[in-house]
Amino acid sequence: MTFDLIIVGFGRVARRFAALLDEQRDALARDHDVAARIVETITRRPDSVAAVHRAVRTHAAAARQRRLVVVEATTLDIECGEPATSHVRGALGGGAHVITVNKGPVAFAYRQLHRAATRAQRQFRFEGAVMDGVPIFNYATELLPAVTITGFRGVVNSTTNYILTAMERGEPFESALETMRRNGIAEANASFDTDGWDAAAKAAALGNVLLGAQITPHDVEREGVSAASAEAIRLAHATGRRVKLVASARGRGARTHARVGLVELSETDLLAGLDGPQNAIVLETDLLGDVAIVELGSGLTQTAYALLADLVAVARSVRDSSRATPRSRLRARRGGSRSARGRR
């Protein structure tokens, strides 16, 4: 099956995704019967929402065939999640599937967009929004049947975790941050990382999807990392403890409370063992206790891979629904015949 891709935002992640499509072309075709071609890119335009609408209409034939995918890869807007949320809404409304690495749509409007995708019978996937290519959302929502997630806690921002690790060794805050900038891991606006906004957006996204909350990053209690934290960090480390920027939430629905803040952890805590850009999330559940997912390395390829994995998931969903439709129609016809016979 060949998918037509409209890419919105053609920055580093989107370009790496395009390269991955080429690098993995044979494996995608052989193992997943997936091929993809980029038919349009939309980037750095003030009328991007209207441009997405026009692009989806232009490729309406592919949308009707369930082969059109909008790849939303713009940068996070922490104020309101726009225009990414409108990009997603417009794409779904036009009959396209959507895959995104932008945290905004899930952090600001997950419930509305999920409903829009359900109504349109299209896929809305966002695996790269929190832990790069690590399938935290798929794992929690598809592989834990009959399990209720009651909360989570995790280290979810690579930049701040690297800075905290470096400061333990005596490296200055600004020097550690510059390293992450050079490595391309820090956000374009590094204050998103250091002020805790990136982690707050991820906490909101996790809370909305896993706990049924309706929160935004502005509802998350938030603390960041700065040079002023250095002495406390080194003191904790000297006594066998470590300070981490932890994103957490507990509760369900309207009672969900989310927080991002510096927490001093014992050395036996899983999160305390994370060094440099490593991330992890601990899911708190009713039946399995605590379940942890750890990412030992993060970077551009891992984030781009999340889009690749979501594309394969879209293809799987389309194939499954295509197989189910003829059987459903046959059952409906048979059911109607039996009813008619019963009335006679």
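Close contacts from region 112-127, counting a first residue that is on the phi > 0 side of the Ramachandran plot and a second that is surrounded by fewer than 19 Cβ atoms within 10 Å (Cβ to Cβ) and not in a loop (DSSP other than H, G, I, E, B), with Cβ to Cβ under 9 Å and a gap of 6+ residues or different chains, come to Q121/S321. The sole residue among G90, G11 that is crowded, with 20+ Cβ neighbours inside 10 Å and either modelled with pLDDT of 95 or more or under 28 Å from S191 (Cα atoms) (or both) is G90.
Can you confirm whether region 62-77 contains a residue that is assigned to a loop (DSSP other than H, G, I, E, B), in contact (Cβ under 8 Å) with a residue 60 or more places away in the chain and among the charged types (D, E, K, R)? Within region 62-77, one or more residues are assigned to a loop (DSSP other than H, G, I, E, B), in contact (Cβ under 8 Å) with a residue 60 or more places away in the chain and among the charged types (D, E, K, R). Taking the listed residues V134, V209, the one that is at negative phi and modelled with pLDDT of 95 or more is V209, with no other qualifying. No other residue among A258, A254 is under 30 Å from G212 (Cβ atoms) and exposed (fewer than 14 other Cβ atoms within 10 Å of the Cβ) apart from A254.
Just checking, does region 124-144 include any residue being of a type in the set (A, V, I, L, M) and over 13 Å from the mean Cα position of the chain (by Cα)? Yes, region 124-144 contains at least one residue that is of a type in the set (A, V, I, L, M) and over 13 Å from the mean Cα position of the chain (by Cα).
Looking only at residues that are crowded, with 19+ Cβ neighbours inside 10 Å and outside any strand (DSSP E or B) in region 19-47, which one is nearest to the chain's Cα centre (by Cα)? The extreme case among them is L21.
Residues in region 171-193 include none that are among the basic types (K, R) and either touching a His at 6+ places or on another chain (Cβ under 9 Å) or at pLDDT 95 or above (or both). Counted as qualifying within region 187-254 are the helices (runs of 4 or more DSSP H) with 1 or more residues that are β-branched (V, I, T), more than 14 Å from V130 (Cβ to Cβ) and touching a residue at least 12 places away in the same chain (Cβ under 8 Å), namely 191-194, 230-238.
The values are calculated or read from the model by the stated rules, or taken from the named source; none is laboratory data. What you are looking at is a predicted structure, and each value in this text was computed from that prediction instead of being measured. So basically every Cβ, Gly included, is an ideal-geometry build from the backbone, and we count neighbours across all protein chains shown.
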